[in-house]
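Notes follow the structure.
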C-alpha cells in the first residue's frame, strides 16, 4: 500500500475543559496508483483528514497511525484563495519544485533553467501564462495552475479537495479529466474529496463514506453504489439528480445538518437524521447496515 491510515483521531482543546473532535475514527488505504474517494457533507471531517496526512494541522492532539511516506501534493477547493494574488503564477509553480535551483524572478518568467513552461503546457495552458497574475485567469485556468503546481512537486499522491468548487459543469469535467490524465501519465495515486457520489462513480475505484468524523461505509465504488448499506450512503446516493427523472420531480435531500464536533450525538451519530433509526441506534455506536 502507498498509504495506510488507522484509527486517526484529531482533537482540539478549546479551553475551559472543552474539546472539539472533528475526526474521531478514520481508517482507509490508498494503493499504488490508486483512485480513492473520501465522501461526505461539509463538516464531516474530510478536509481535516486530508490536511493531517501531510502534517498541515497545528495545535491539535493527533492519535492513530499513518504509515507509508509518499510525497503529497494538494489541489484545494478555491484556487483564487490558494494562489498568491501578488505573485505571478510562473514563480508560484517554480517554488513548488523540490530541491530545484531557484532562478531569478525574471528567469522564472522567461522559463529559463526550469520546467515551468512544460508544466503549463501539460495542463493545457500556454507557456506565457507564467507571466500572469491569478486575477488575470479564469477559475478553470487558476485550477489548472494549481494542478501544474502539484505536478511540480513530483508527488506520489495527489489529494484533490473539492477541486471543482465554484466551476461551471463543463469546466468541472475538464478539470477532473485533466487530473485523471496527469495522474495516469505520472503514475500518481489520487485521493478525491467530494460530496458528490456522481463524481466518485466516474473517477474513483474505492470509496470511503465519512460522517461525523468517522468512516461509516467503505468498499469498491461499484459495489457501494449498487447496494449501499448505510442509511447515510443511501441518502447521498438518492440526492444525486437523475437524468431520467421527470422535470417536475422534487430533489431528494437529507433532512437536518451535520452536528458540531463539540457535541456529537450518542450512539450512531447519524441517528438524529436517519429515517430508520431505532432506540438501539441511540445507544450503540455499532455500524448500521441499513
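The values are calculated or read from the model by the stated rules, or taken from the named source; none is laboratory data. Please read all numbers here as calculations on a predicted model, not as lab measurements. Every residue, glycine among them, receives a Cβ derived from its backbone with ideal geometry; neighbour counts consider all protein chains shown.
So, in region 221-240, exactly how many residues are in a loop (DSSP other than H, G, I, E, B) and either more than 18 Å from residue 277 (Cβ to Cβ) or out of contact with any strand residue (DSSP E or B) (no Cβ under 9 Å at 6 or more places or on another chain) (or both)?
Adding up the residues that qualify gives 3.
Counting only residues that are in the same structural domain as residue 208 (by TED's automatic domain parsing), in contact with a helix residue (DSSP H, G or I) (Cβ under 9 Å, 6 or more places away or on another chain) and at pLDDT 85 or above, which one in region 236-266 is farthest from residue 212 (Cα to Cα)?
Out of the qualifying residues, it is 237.
Kindly indicate the residue of region 100-117 that is assigned to a helix (DSSP H, G or I) and more than 26 Å from the chain's Cα centre (by Cα) and also modelled with the highest pLDDT among those meeting that condition.
117
Name the residues in region 2-27 that are surrounded by fewer than 12 Cβ atoms within 10 Å (Cβ to Cβ) and assigned to a loop (DSSP other than H, G, I, E, B), would you?
Those that are surrounded by fewer than 12 Cβ atoms within 10 Å (Cβ to Cβ) and assigned to a loop (DSSP other than H, G, I, E, B): 16, 17.
Mind checking whether some residue in region 267-277 is surrounded by fewer than 19 Cβ atoms within 10 Å (Cβ to Cβ), in the same structural domain as residue 39 (by TED's automatic domain parsing) and out of contact with any helix residue (DSSP H, G or I) (no Cβ under 8 Å at 6 or more places or on another chain)?
Within region 267-277, none of the residues are surrounded by fewer than 19 Cβ atoms within 10 Å (Cβ to Cβ), in the same structural domain as residue 39 (by TED's automatic domain parsing) and out of contact with any helix residue (DSSP H, G or I) (no Cβ under 8 Å at 6 or more places or on another chain).
Go through region 34-63 and report how many residues are surrounded by fewer than 16 Cβ atoms within 10 Å (Cβ to Cβ) and not in a loop (DSSP other than H, G, I, E, B).
3
Being modelled with pLDDT under 85 and either touching a strand residue (DSSP E or B) at 6+ places or on another chain (Cβ under 9 Å) or buried (at least 19 other Cβ atoms within 10 Å of the Cβ) (or both), is that true of even one residue in region 79-90?
Yes: one or more hits.
Could you go through region 219-234 and let me know if any residue there is under 30 Å from residue 89 (Cα atoms) and buried (at least 19 other Cβ atoms within 10 Å of the Cβ).
So far as region 219-234 goes, no, none of its residues is under 30 Å from residue 89 (Cα atoms) and buried (at least 19 other Cβ atoms within 10 Å of the Cβ).
Quick test for you: out of 125, 176, 158, pick the one residue that is part of a helix (DSSP H, G or I) and either in contact with a helix residue (DSSP H, G or I) (Cβ under 9 Å, 6 or more places away or on another chain) or surrounded by fewer than 17 Cβ atoms within 10 Å (Cβ to Cβ) (or both).
176
Would a scan of region 77-88 turn up a residue that is more than 22 Å from the chain's Cα centre (by Cα) and closer than 19 Å to residue 159 by Cβ?
No, there is no match, as no residue in region 77-88 is more than 22 Å from the chain's Cα centre (by Cα) and closer than 19 Å to residue 159 by Cβ.
Here are some residues: 256, 235, 213. Which one is more than 30 Å from residue 15 (Cβ to Cβ) and either touching a residue at least 60 places away in the same chain (Cβ under 8 Å) or within 26 Å of the chain's Cα centre (by Cα) (or both)?
The conditions single out 235.
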